[in-house]
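Report on the following structure.
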Amino acid sequence: MKITFLGHAVFLIEGQKNLIIDPFITGNPAYPGDFQLPNIDYILVTHGHGDHIGDTVELSKKFGSTVISNFEICNYLQSKGVNKVHPMHIGGSKEFEFGKLKMTPALHGSGIIDDGKIIYGGNPGGFLIKMEKSIYHAGDTGLTKDMELLKGADIAILPIGGNFVMDIEDAVRAVEMIQPKLVIPMHYNTWEIINANAEEFKSQVEKLDIECKILKPGESLEV
Ligand code: NI
Ligand code: MN
């Protein structure tokens, strides 16, 4: 199984099926421009903000991918011509071809901006993906004690950029609760407002005897 970071909150997971999470490509200053996406079977969308829905409509049409998100975002995407959607909601789990998926809570917003208007995008979430390894992608979230319920996930992908999401201090507290084997930081340095020192985060995580891998956009990790 291969995990590739594509800048901001975009992660590609390649296994028996290929998944992309929050495919913000167009307008993403951190996206590795020369990267060639493989065929995408599933697109997972954590919430309705533009830096997460991103290119979901275009990619799903190009690859015939199934989009998994909350009910409201799935409805919105269908109105934009996406014909394969799988709506879920927070706390719900389902078996898919690639493994078991659960939507997890996030403390955030989920409004979708469409033509200058805000459309209700349901509740924001994250995903717990149980494949050969279990991967928790937190989405955009503040620190919440509910993260204790994610204890046992192998890999935690956590936002560290502050302002809209957890900063380093809070993300380290999240790591303490989750106790994963590996942590990957995300949602930082895309713009100045979410600047964070990932090396500082890494050194604090390592003090907990937990591995932290900083991936550069375009960089992959075999897990
Ligand atoms: Ni957001
Ligand atoms: Mn965001």
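The values are calculated or read from the model by the stated rules, or taken from the named source; none is laboratory data. Predicted model, so just to flag it, every value in this text is computed and none were measured. Neighbour counts are summed over all protein chains in view; Cβ atoms, including those assigned to glycine, are modelled from backbone coordinates with ideal geometry.
Okay, here's what the table says:
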| read-out | value |
| --- | --- |
| Within segment 29-54, tally of residues that are within 13 Å of ligand 2 (Cβ to nearest atom) and either buried (at least 24 other Cβ atoms within 10 Å of the Cβ) or of a type in the set (D, E, K, R) (or both) | 8 |
| Selected residue [away from ligand 2 (no atom under 16 Å from the Cβ), closer than 22 Å to Gly125 by Cβ and touching a Cys at 6+ places or on another chain (Cβ under 7 Å)] from Val67, Val57 | Val67 |
| Of all residues making up segment 108-124, the number that are in a loop (DSSP other than H, G, I, E, B) and either over 20 Å from Asp167 (Cβ atoms) or more than 13 Å from ligand 2 (Cβ to nearest atom) (or both) | 8 |
| Hey, Met147 assigned to a helix (DSSP H, G or I), within 26 Å of Gln179 (Cα to Cα) and at pLDDT 95 or above or not | yes |
| Residue selected from segment 55-69 under the condition of a type in the set (A, V, I, L, M, F, W, C) and surrounded by fewer than 23 Cβ atoms within 10 Å (Cβ to Cβ), by the criterion farthest from Ser110 (Cα to Cα) | Phe63 |
| Complete set of residues in segment 100-123 that are more than 23 Å from Asp154 (Cβ to Cβ) and either among the charged types (D, E, K, R) or within 16 Å of the chain's Cα centre (by Cα) (or both) | Leu107, His108, Gly109, Ser110, Asp114, Asp115, Lys117, Asn123 |
| Any hit, segment 74-89, residues being on the phi < 0 side of the Ramachandran plot, within 16 Å of ligand 1 (Cβ to nearest atom) and surrounded by fewer than 19 Cβ atoms within 10 Å (Cβ to Cβ) | no |
| Members of segment 125-142 that are surrounded by fewer than 23 Cβ atoms within 10 Å (Cβ to Cβ) and either more than 16 Å from ligand 2 (Cβ to nearest atom) or modelled with pLDDT under 95 (or both) | Leu128, Lys130, Met131, Glu132, Lys133, Ser134 |
| Test for Thr26: is it of a type in the set (Ser, Thr, Tyr), in a strand (DSSP E or B) and surrounded by fewer than 24 Cβ atoms within 10 Å (Cβ to Cβ) | no |
| Residues located in segment 139-158, provided they are of a type outside the set (D, E, K, R), within 16 Å of the chain's Cα centre (by Cα) and over 14 Å from Cys212 (Cβ atoms) | Gly139, Thr141, Gly142, Leu143, Met147, Leu150, Ala153 |
| Conditions (1) among the aromatic types (Phe, Trp, Tyr); (2) within 15 Å of the chain's Cα centre (by Cα); (3) within 16 Å of ligand 1 (Cβ to nearest atom); number of the one not met by Tyr136 | (3) |
| Count of segment 44-61 residues which are part of a helix (DSSP H, G or I) and among the aliphatic types (A, V, I, L, M) | 3 |
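Table: residues versus (1) touching a helix residue (DSSP H, G or I) at 6+ places or on another chain (Cβ under 9 Å); (2) modelled with pLDDT under 95; (3) surrounded by 14 or more Cβ atoms within 10 Å (Cβ to Cβ).
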{"position": "Ile155", "(1), (2), (3)": "no, no, yes"}
{"position": "Leu158", "(1), (2), (3)": "yes, no, yes"}
{"position": "Met166", "(1), (2), (3)": "yes, no, yes"}
{"position": "Asp170", "(1), (2), (3)": "no, no, yes"}
{"position": "Asn189", "(1), (2), (3)": "yes, no, yes"}
{"position": "Ala198", "(1), (2), (3)": "yes, no, yes"}
{"position": "Lys202", "(1), (2), (3)": "no, no, yes"}
{"position": "Cys212", "(1), (2), (3)": "yes, no, yes"}
{"position": "Glu222", "(1), (2), (3)": "no, no, no"}
